[in-house]
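Just below is one structure, and these are the notes that go with it.
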Amino acid sequence: MSDAARPDAARPGAARPFGARPIYFDYAATTPVDARVAAYMAECLTRDGTFGNPGSRSHAEGERAHEAVEAARRQVAAAVGAAPADVVWTSGATEANNLAIFGVALQARTRGRHIITCKTEHKAVLDPCRELERRGWSVTYLAPSARGRLDPARLAAALRPDTVLVSVMHVNNEIGVIQDVAGLATLVARHGTARMHVDAAQSVGKCPIDFAGAGIDLMSLSAHKAYGPKGAGALLVSAARGVELEPLQYGGGQERSLRSGTVATHQVVGMGAAFALAAADAAPESAESLRLAALRERLWDGIRVLGATFRNGEPSDCVPQLLNVSFGDVEGESLLAAVQDELAVSTGSACTSSLGEPSYVLRALGRDERLAEASLRLSFGRFSTAADVDHAIMVIGHAVLRLRSIGGLCATAN
Amino acid sequence: MRYSELTRRYFESGIGAGVLTGPAVGRGAAGSRAGGTWVQFDIAIACDIAAATATAARETRIGAARFLAFACPHTIAAAAWLVEWSVGKSCIAALPESVHEIAERFEIPIEKLGRLLIVEDAWLAAGRAAISLSARGITMS
């Protein structure tokens, strides 16, 4: 007789203080606001600070707020190679994606009603596209290669005379693969009739972005992925390229009449400050990029020895902050449950219901349903340490071996 | 997903996970790993004078039980609980509670009842196999 998983088995993390919060490995989902950013934001909230309405420039309070908003606009633009006039503030990347997709589709509806995107896009792009399909537009969803990159030849083949928009994300949120958006934008520009939109919510501080240099028409940005506040984002709308959009909301005419509503000074000031700080980390040769890449490889080296582990995304194609691994012979929900007391990670299953659906991104890369479910996304950030990574290796190793043992797929868990 | 205290306890302990070997072990399995849920039970009948009687099937007792599961935490917890509960109990091809009662005990969402049916199928198959062995006079030594 053999006991596969003894109840008295030593649990990992015993050395950590009782009740300690799980170690955070979900920086791709959101980041904590940088303390310096929070301080700048706080200065915009109270009577002693820059609390005025940036649209009320008939007095000093409004003028000060306007100047703060414009300074933030310059910071955001500088971080991504855009002109300040390109920046349209939004509540986040989801709103920016909606404004880009619906804005172009509605503005160009008499010229054409065809949109191209990729199967591995974020839901904030896919769902607006599906809504447009319901309203009569035609959408082509391109499949990426097994490495997660979009083949330019596939995009070229999909372009039609009535194509009005191509939307491709820069850095994939699940696997961290960086698309060659400059190359794709060149191809789209050559085609002539379509606009190129890039969802760059995951990009700032992780890899270089050159909005103007890449010839991109529209780009969505998010503050909270880069140590800024939630509820702040921007859509870059290239003024130089003459991009025109139909607005989705009316009233006040703020933001070139593309996004009416009082600009939230503290939010955009936070976004500007966060982007200014993050931009220095974006270069692949920056100290922070190299440190995070080393942590990622340390984690992978510690995990791969478990066997039947599959890395999703080639490291040379990916940002250094993210590792996505599928585990063979392990059930996905149990894997997450077995590690979640110790590690804050994301899973390959969208747990919006009790029966989580396997990740559509991993499925699009060719992972089978079980492997897509049994995947963990671990993303690193400014506060990640080698000790955190070593703890994660221990926790994940224990969980995988124990679950494989309970599943009758290896001899012993302990 | 949030799990009940009981679910967490049985899932984390994995009590009763493993296999039994020997001639007196009845084994039953249901589901599939490819389908996302697979459960196997081993039941060993205890040596009992009653085993020689005509009513052996109803009076034989479970001497040991183990489970294996490629499954979600709720399913693993239910299988572990079942194995723990069963030792010393009469071996009958039935669950001690209905699937709905077990779901209530572990606060298992209704969408997952199908997984409990897999637990039930595996348990019934193992029970029938054990009873069959017992009827032939084969018990744990």
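A quick yes/no check of all residues on (1) modelled with pLDDT of 95 or more; (2) open to solvent by less than 30 Å² (accessible area, probe 1.4 Å); (3) in contact with a Phe, Trp or Tyr (Cβ under 8 Å, 6 or more places away or on another chain); (4) among the polar types (S, T, N, Q):
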residue: A:VAL325; (1), (2), (3), (4): yes, yes, yes, no
residue: A:VAL339; (1), (2), (3), (4): yes, yes, no, no
residue: A:SER349; (1), (2), (3), (4): no, yes, no, yes
residue: A:TYR360; (1), (2), (3), (4): no, no, no, no
residue: A:ARG363; (1), (2), (3), (4): no, no, no, no
residue: A:ARG370; (1), (2), (3), (4): no, no, no, no
residue: A:ALA392; (1), (2), (3), (4): yes, yes, yes, no
residue: A:SER405; (1), (2), (3), (4): yes, yes, no, yes
residue: A:ALA411; (1), (2), (3), (4): no, no, no, no
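Return yes or no: is B:ALA46 within 12 Å of B:ALA130 (Cα to Cα) and open to solvent by 10 Å² or more (accessible area, probe 1.4 Å)?
yes
Kindly evaluate A:LYS225 against the criterion of being in a helix (DSSP H, G or I) and at negative phi.
yes
Looking at A:ARG304, A:ARG291, A:ARG296 in this structure, which one is crowded, with 21+ Cβ neighbours inside 10 Å and at pLDDT 95 or above?
Answer to the check: A:ARG296.
Look at the range A:176-190 and say how many of its residues are in contact with a Cys (Cβ under 7 Å, 6 or more places away or on another chain) and open to solvent by less than 10 Å² (accessible area, probe 1.4 Å).
2
Can you tell me which residue within the range B:17-36, out of those that are open to solvent by 10 Å² or more (accessible area, probe 1.4 Å) and assigned to a strand (DSSP E or B), is nearest to the other protein chains (Cβ to nearest Cβ)?
B:VAL19
Just one of A:ARG64, A:ARG57, A:ARG73, A:ARG111 is within 18 Å of A:THR265 (Cα to Cα), open to solvent by 20 Å² or more (accessible area, probe 1.4 Å) and touching a residue at least 60 places away in the same chain (Cβ under 8 Å); which is it?
After ruling out the rest, the residue left standing is A:ARG73.
Restricting to the range A:124-146, name every residue that is in a strand (DSSP E or B) and either among the charged types (D, E, K, R) or closer than 15 Å to A:ARG363 by Cα (or both).
A:TYR141, A:LEU142
Given the structure, is A:ALA20 under 28 Å from the mean Cα position of the chain (by Cα), modelled with pLDDT of 95 or more, not charged (D, E, K, R) and not in a helix (DSSP H, G or I)? Give the derivation first.
Details: under 28 Å from the mean Cα position of the chain (by Cα): yes; modelled with pLDDT of 95 or more: no; not charged (D, E, K, R): yes; not in a helix (DSSP H, G or I): yes.
Considered against the rule, which asks whether it is under 28 Å from the mean Cα position of the chain (by Cα), modelled with pLDDT of 95 or more, not charged (D, E, K, R) and not in a helix (DSSP H, G or I), A:ALA20 comes out as no.
For residues that are under 30 Å from A:CYS207 (Cβ atoms) and in a helix (DSSP H, G or I), tally how many sit in the range A:43-101. Walk me through how you get there before you give the answer.
In the first step, residues of the range A:43-101 are kept if they are under 30 Å from A:CYS207 (Cβ atoms); the result is A:44, A:68-101.
Checking the rest, the ones that are also in a helix (DSSP H, G or I) come to A:68-80, A:84-86, A:93-101.
Result for the range A:43-101: 25.
Please indicate, with yes or no, whether at least one residue in the range A:298-317 is within 13 Å of A:ALA392 (Cβ to Cβ) and part of a loop (DSSP other than H, G, I, E, B).
yes
List pairs: first in the range A:263-290 and assigned to a loop (DSSP other than H, G, I, E, B), second surrounded by 22 or more Cβ atoms within 10 Å (Cβ to Cβ) and among the small types (Gly, Ala, Ser), Cβ under 6 Å, 6+ apart or cross-chain?
A:ASP281/A:GLY205; A:ALA282/A:GLY205
Give the residues of the range B:82-96 that are surrounded by 15 or more Cβ atoms within 10 Å (Cβ to Cβ) and in a loop (DSSP other than H, G, I, E, B), sorted by residue number.
Scanning the range B:82-96 gives B:VAL87, B:CYS91, B:ILE92, B:ALA93, B:LEU95.
I'm trying to understand the selection: among the residues of the range A:191-217, which are closer than 25 Å to A:TYR360 by Cα and crowded, with 24+ Cβ neighbours inside 10 Å?
Here is the first cut: in the range A:191-217, the ones closer than 25 Å to A:TYR360 by Cα are A:196-204, A:206-207.
Result: A:MET196, A:HIS197, A:VAL198, A:ASP199, A:ALA200, A:ALA201, A:GLN202, A:SER203, A:VAL204, A:LYS206.
Pull up the range B:97-113, narrow it to residues that are within 14 Å of another protein chain (Cβ to nearest Cβ), in a helix (DSSP H, G or I) and in contact (Cβ under 8 Å) with a residue 12 or more places away in the chain, then point me to the one that is farthest from the chain's Cα centre (by Cα).
B:LYS112
Look through A:LEU306, A:LEU323 and report the one residue that is over 23 Å from A:PRO284 (Cα atoms) and in contact with a helix residue (DSSP H, G or I) (Cβ under 8 Å, 6 or more places away or on another chain).
None of the others qualify; the one that does is A:LEU306.
The values are calculated or read from the model by the stated rules, or taken from the named source; none is laboratory data. Just so it is clear, the model here is predicted, and its values are computed rather than measured. Ideal geometry is used to build each Cβ from the backbone, glycine not excepted, and the neighbour counts take in all protein chains shown. Ligands, DNA and RNA are stripped out before the accessible areas are found, and what is left, the full protein with its side chains, is counted by its heavy atoms. Shrake-Rupley method; radii C 1.70, N 1.55, O 1.52, S 1.80 Å.
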